[in-house]
């Protein structure tokens, strides 16, 4: 290893340690911190974040990136060092473009906006949030100008979450999917009585739900020697190293789906992180390629596996053993149908597989219109309600269940929503390929054999860490960039069968 | 606030945030971290520690300390800023005296020695640890030389844990106590059958023990809005801010004392930390004055309160309600006697109130003999056994229960043990003063009224944070420096009554 590389890696390792420490503090904050701890925790997290940023954006890092790029110019694109430099160059350029004063202003405004949002949502009061949203929007417009873009302003922001992805590609993809989804949803609505979901809406003992979620995680290969599951209000997955990847989850006593599918969803993220190779630890290459690729993994295990008939053939006996009395009248087929009920609903995070992406598209459109000043903040609530009506055929009774439902905009996360759907589409594309290469997946799932699929994902996705973009991975694995054909076919086949269309 | 002071406080706040983040990581490591997390956690903690140390020992901090000392020269000793500068000057001088290479060498040797110690203790193998102990000792001798001392080498090390305390004062105090304790222990041994402790040696349901420990913590005023209790192998108290002070504890199903008195002990530390004023947060003055003063608080609540007859008058009904069946044959007096059984034993951490300090004195002597090359490491096991026999009248059957029982020496903690006893003596000195000023404490405890005592400690101790040394506090509160008269009188009165001597 050259002296420059050694020096560079030592700095990057420090930065990584600081960010990982911050993750531990955030995890504790959600899972265990007593109420009194909030204020000090905010400054601890802010300090770690600032020190990491200072260390990463130093002139020395810029100089080393230049030196090392020159030193490694003859090495191939996929070489570990070349890839690390590529990923960090991308991040460094962005990080130094944002003036420190702007970063501080954004952090402060976002803190205030998040508090205002929480109060406004609780009070169902749009006007309590309106001026904050306008301010955050103006800041994000400035941020996009600092970062730069050639086509759409949105490109600058989207790139932070989905490197290399362009607004034009997202628009094209979303248009194609929308054309198929809207009529599919309408058809299913017309036959909604064909699927009964009372089985998931009865009372299930919280402790038993928790134990069952552990069983599901073990079944798909989540390693509890290198992780654990804790209760939080809003589930997430967090990584302290590839050997310490924590799942968090919640339990709703009267809604079965939440805990089990929460576990499978976060478990999908966690398998990806646990599968990140040791050699990438404390470099920029550890972890997942992008938010979209990460979401492809969570959705794959939650939906393509967990909501499959084959999974329920395997899992139903465990379910029945766990909830003896409550499950007496149920069977695998009834549960399979119940967990796949499609129902246009107001809240994105509660949406089913079919309607979910429509919620995302609506937000993607709104973000673009707002950023490009084609929609004024004051007009947003009315626009929202109209869009909900045209996409899903329902209208929010109030702003709390409408335009105020998501925390993202108050936190400055513009360009983040599309990654949820890009990941969903990619999950189907990957799964179709896995079916081609792995033989009868359904037969394997029905036997509780998930290891071939996990190993395949290890080989195709996990082992690369952050080296490649979503489209690069899609090309490598399936021979084409991200497409939605597989996703549409998956939904149509599955739900035509379930609903007898 | 002067510009210099503002700059200085910003640096100190960063350093504090880094150390607090490190505390969160350590807490998680003990309480929740899965086995796989250990390696990455070690480097995260090391990085936070190194960055904090770098930031604190910068030349700029030295220059600011000089400038600010000059600026504040006319302010009184107890002024907040003057006190902060005094405490930090003390730490800065020590920190910069140790060469970075030496600090790294010590950290590495200590890591290896701790692992070797754990294996040696498990294997009951003195020779597996001997060379590590010799190496650590040599390093600590070098450390003492770097730090400097005028009288005894031990002074340099002791000062890290008990600022301002000298080996001579500890020797004098320990000699005085030993003269009284050794015959007292002999007398009690001769009448050991007068106290029956079977009541604490039966099975108590772990979950109920845990719930009862919560009740005890609530009773003494521990604020669960600003803290929580979690299970760990070895109990400790840790502070993330004065509004987030965590207690950890363990449960032994067949030994009642461990969980309840563990909670009261760590709760005593926690009351101190929760009582640290807001104005000291993120400065060097937050928290406790020294290890000795801290231990005075834990011992006070564990023993002078928790092992008092009055406490059991208040607490026994809760105990009985919790353990209906198991407690049927017990009453408050039986429990009071059972938790106060005196029994010379091999293991320091399991020792009773009377014999505990003899274990500490033995270690204090050994440390001095070793540091001053008056005892060779190879001779230590034989020396240990002889000392145990002369102090406590018992001889360890093996090294695991003898010289290898404590982790401290492998970690480089030389000069640490005396603070356990200094705190114990100070707790009695404080308690005697509290009795003078607060009227009938026993009557208050019997009613579950602990708030007057806690408020008194808030006023006398907690509110000062780290401003004063143990002897300064002792003088302020009781009109004399640390003394052992109160402690000896307390033990003699209490145990003469219990044992009918």
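Quick check on residue B:8: is it at pLDDT 95 or above, surrounded by 18 or more Cβ atoms within 10 Å (Cβ to Cβ) and either away from chain A (no Cβ under 14 Å) or under 30 Å from residue A:223 (Cβ atoms) (or both)?
Yes: the conditions hold for residue B:8.
Which of the numbered conditions does residue B:193 fail, given that it passes all the others? Conditions: (1) without any contact (Cβ under 8 Å) to a residue 12 or more places away in the chain; (2) not in a helix (DSSP H, G or I).
(2) is the only condition that residue B:193 fails.
Can you name every residue in segment A:196-222 that is over 12 Å from residue A:270 (Cβ atoms) and not in a helix (DSSP H, G or I)?
Of everything in segment A:196-222, those that are over 12 Å from residue A:270 (Cβ atoms) and not in a helix (DSSP H, G or I) turn out to be A:196, A:197, A:201, A:202, A:203, A:204, A:205.
Determine which single condition residue B:107 fails, assuming it passes every other condition in (1) within 14 Å of chain A (Cβ to nearest Cβ); (2) under 26 Å from residue B:162 (Cβ atoms); (3) surrounded by fewer than 17 Cβ atoms within 10 Å (Cβ to Cβ).
Unmet for residue B:107, out of (1) within 14 Å of chain A (Cβ to nearest Cβ); (2) under 26 Å from residue B:162 (Cβ atoms); (3) surrounded by fewer than 17 Cβ atoms within 10 Å (Cβ to Cβ): (1).
For a quick check of your reading: which helices (runs of 4 or more DSSP H) sit entirely within segment B:1-107 and have at least 2 residues that are on the phi > 0 side of the Ramachandran plot?
Working: elements: B:3-31, B:38-56, B:59-71, B:80-97.
Result: empty, no element qualifies.
Before we move on, is residue A:16 within 13 Å of chain B (Cβ to nearest Cβ), farther than 30 Å from residue B:242 by Cβ and under 24 Å from the mean Cα position of the chain (by Cα)? I'd like the intermediate steps shown before the answer.
Details: within 13 Å of chain B (Cβ to nearest Cβ): yes; farther than 30 Å from residue B:242 by Cβ: yes; under 24 Å from the mean Cα position of the chain (by Cα): yes.
The answer is yes for residue A:16.
(1) more than 14 Å from every other protein chain (Cβ to nearest Cβ); (2) touching a residue at least 12 places away in the same chain (Cβ under 8 Å); (3) touching a helix residue (DSSP H, G or I) at 6+ places or on another chain (Cβ under 7 Å); (4) surrounded by fewer than 20 Cβ atoms within 10 Å (Cβ to Cβ): which one isn't true of residue A:90, the others all being true?
(3)
Just give me the residues in segment A:217-247 being closer than 25 Å to residue A:15 by Cα and more than 10 Å from every other protein chain (Cβ to nearest Cβ), in sequence order.
Once the filter is applied, which keeps residues that are closer than 25 Å to residue A:15 by Cα and more than 10 Å from every other protein chain (Cβ to nearest Cβ), segment A:217-247 yields A:236, A:237, A:238, A:247.
Examine segment A:115-126 for a residue that is within 29 Å of residue A:45 (Cβ to Cβ), within 22 Å of the chain's Cα centre (by Cα) and crowded, with 18+ Cβ neighbours inside 10 Å, and state whether such a residue exists. Explain how you work it out, then say what you get.
Within segment A:115-126, the first condition is being within 29 Å of residue A:45 (Cβ to Cβ), and the residues that meet it are A:115-123, A:125.
Subset that is within 22 Å of the chain's Cα centre (by Cα): A:117-118.
Still in the running and crowded, with 18+ Cβ neighbours inside 10 Å: A:117.
The answer is yes, given that some residue of segment A:115-126 is within 29 Å of residue A:45 (Cβ to Cβ), within 22 Å of the chain's Cα centre (by Cα) and crowded, with 18+ Cβ neighbours inside 10 Å.
Among the residues of segment B:27-56, which ones are facing chain A (nearest Cβ under 9 Å), in contact (Cβ under 8 Å) with a residue 40 or more places away in the chain, within 25 Å of the chain's Cα centre (by Cα) and over 19 Å from residue A:228 (Cβ atoms)? Steps first, answer last, please.
So in segment B:27-56, the residues facing chain A (nearest Cβ under 9 Å) come out as B:27-28, B:31-41, B:43-48, B:50-51, B:55.
Now restrict to residues that are in contact (Cβ under 8 Å) with a residue 40 or more places away in the chain: B:27, B:31-32, B:46, B:55.
Among the residues that remain, those that are also within 25 Å of the chain's Cα centre (by Cα) are: B:27, B:31-32, B:46.
Within segment B:27-56, just B:46 meets the criteria.
The values are calculated or read from the model by the stated rules, or taken from the named source; none is laboratory data. Quick caveat: nothing in here was measured; it's all calculated off a predicted structure. Note that each Cβ is placed from the backbone with ideal geometry, even for glycine, and that neighbours are counted across all protein chains shown.
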